[in-house]
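Following: one structure in structure tokens, then a few remarks.
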Amino acid sequence: MASSPPHKVVALVSGGKDSTFSLLHCVSSGHEVVAVAHLTPPPHTEELDSYMYQSVGHNTVPHLAQALGLPLYQAPITGTPVLQELEYTPTPTDEVEDLYKLLSRVKEEVGCSAVCSGAIFSTYQKNRVEEVCARLGLLSIAPLWQRDQEELLKEMLRHKMEIRIIKVASMGLNKEHVGRTADELLPHFLEISKKWGFNVCGEGGEYESLVTDCPLFAYKLKVESSQLVCHSHDELSPVWYETFAEVSLEEKEGFRDLSLKERLNKVLGED
């Protein structure tokens with residue numbers, strides 16, 4: 001991406017580490033991130049059966065947008081994974097069409113020229129984002145694509161990202177790991193990766209995350225009240241996730257009036 005001319009970018013965000021780090025990469029590469037976009041699950045739904053979108057922690061995304069100081073565009077997920085082949089063509093009632101409608105609105109209102117996403121290894125997801133971008137005449141940017149997962153997670157941590165684990169769905173993980181940080185759990189992730197082929201970045205759906213701080217944030221996200229929910233009591237791979245009743249913002253001194261690039265420079269010393 002460093003060789004591409006600067007673009008006005010809308011960042012697809014879920015609140016998790018991959019989409020946030022992709023956004024950080026865009027800023028570091030000289031692009032102007034002008035908005036963030038997020039598709040929300042239906043009301044009263046925390047765990048949505050989607051092949052495209054993270055739903056756990058969805059109600060924290062407005063806090064993330066405020067921490068970034070960027071306008072947030074949201075729309076509900078009304079479709080389902082109708083077309084499940086690897087390649088995608090426009091299909092009525094498919095959940096991908098919700099993304100198309102949302103990005104159409106963002107393009108019209110902010111005049112973006114590119115979209116960034118946190119895709120790492122899911123060709124299924126990457127193909128769909130690229131297809132939507134092609135229809136809209138937008139560039140699809142995926143700076144994390146096919147990165148080594150162990151090195152990528154370590155790089156996120158070196159970039160001062162605070163990553164909270166908010167869902168687990170894997171052998172070797174259970175409810176005691178929910179609410180802990182990726183920094184704390186990295187040794188355990190590496191251990192179960194060697195034992196069972198665990199994907200260190202969670203690319204197999206092993207876990208999902210919430211970024212509570214990163215160099216681009218003018219505020220830290222503080223979880224004031226949350227609850228653990230068991231989605232599946234599977235003996236080998238129980239599924240637990242966290243719901244958030246109250247999240248507050250704690251201002252970081254000297255960040256609010258800086259641009260995203262200036263915040264990055266302040267924390268990491270980048271030029």
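Being over 27 Å from residue 149 (Cα atoms) and open to solvent by 50 Å² or more (accessible area, probe 1.4 Å) is the requirement here; does residue 93 meet it?
Answer is yes for this residue.
Is it the case that residue 191 is open to solvent by 10 Å² or more (accessible area, probe 1.4 Å) and in contact with a Phe, Trp or Tyr (Cβ under 9 Å, 6 or more places away or on another chain)?
Spelling it out, residue 191 is indeed open to solvent by 10 Å² or more (accessible area, probe 1.4 Å) and in contact with a Phe, Trp or Tyr (Cβ under 9 Å, 6 or more places away or on another chain).
What number of residues within segment 75-126 satisfy the criterion of being of a type in the set (D, E, K, R), assigned to a loop (DSSP other than H, G, I, E, B) and more than 21 Å from the chain's Cα centre (by Cα)?
Of the residues in segment 75-126, 2 are of a type in the set (D, E, K, R), assigned to a loop (DSSP other than H, G, I, E, B) and more than 21 Å from the chain's Cα centre (by Cα).
The conditions are (1) more than 17 Å from residue 39 (Cβ to Cβ); (2) β-branched (Val, Ile, Thr); (3) open to solvent by less than 30 Å² (accessible area, probe 1.4 Å); (4) part of a loop (DSSP other than H, G, I, E, B), and residue 56 fails exactly one of them. Which is it?
Residue 56 satisfies all of (1) more than 17 Å from residue 39 (Cβ to Cβ); (2) β-branched (Val, Ile, Thr); (3) open to solvent by less than 30 Å² (accessible area, probe 1.4 Å); (4) part of a loop (DSSP other than H, G, I, E, B) except (1).
What pairs can you find where one residue is in segment 54-66 and among the hydroxyl-bearing types (Ser, Thr, Tyr), the other is part of a helix (DSSP H, G or I) and open to solvent by less than 40 Å² (accessible area, probe 1.4 Å), and their Cβ atoms are less than 8 Å apart, with a gap of 6+ or different chains?
Cβ pairs passing all conditions: none.
Restricting segment 14-47 to residues that are open to solvent by less than 10 Å² (accessible area, probe 1.4 Å) and β-branched (Val, Ile, Thr), which is nearest to residue 212 (Cα to Cα)?
20
Restricting attention to segment 1-11, report how many residues are at pLDDT 95 or above and surrounded by fewer than 24 Cβ atoms within 10 Å (Cβ to Cβ).
Qualifying residue count for the region: 2.
List pairs: first in segment 101-126 and of a type in the set (Lys, Arg), second in a helix (DSSP H, G or I), Cβ under 8 Å, 6+ apart or cross-chain?
Filtered contacts from segment 101-126: 107/136.
Restricting to segment 223-247, count the residues that are in contact (Cβ under 8 Å) with a residue 60 or more places away in the chain and either assigned to a strand (DSSP E or B) or farther than 22 Å from residue 164 by Cβ (or both).
Going through segment 223-247 one residue at a time, the tally reaches 11.
In segment 206-255, how many residues are exposed (fewer than 13 other Cβ atoms within 10 Å of the Cβ) and at pLDDT below 95?
Residues in segment 206-255 being exposed (fewer than 13 other Cβ atoms within 10 Å of the Cβ) and at pLDDT below 95: 5 in total.
Please go through segment 176-197 and give me each residue that is in a helix (DSSP H, G or I) and among the charged types (D, E, K, R), ordered by number.
Passing the criteria: 176, 183, 184, 191, 194, 195.
Scan segment 140-153 and give yes if some residue there is open to solvent by 10 Å² or more (accessible area, probe 1.4 Å), more than 20 Å from residue 21 (Cβ to Cβ) and touching a residue at least 12 places away in the same chain (Cβ under 8 Å), otherwise no.
No, the conditions are met nowhere in segment 140-153.
Within segment 42-96, can you find the residues that are of a type in the set (D, E, K, R) and within 21 Å of residue 222 (Cα to Cα)?
The answer is 46, and nothing else.
The values are calculated or read from the model by the stated rules, or taken from the named source; none is laboratory data. Please read all numbers here as calculations on a predicted model, not as lab measurements. Backbone-built Cβ (ideal geometry, glycine too); neighbour counts: all protein chains shown. Calculation scope for accessible area: heavy atoms of the full protein, side chains included, ligands and nucleic acids excluded. Shrake-Rupley method; radii C 1.70, N 1.55, O 1.52, S 1.80 Å.
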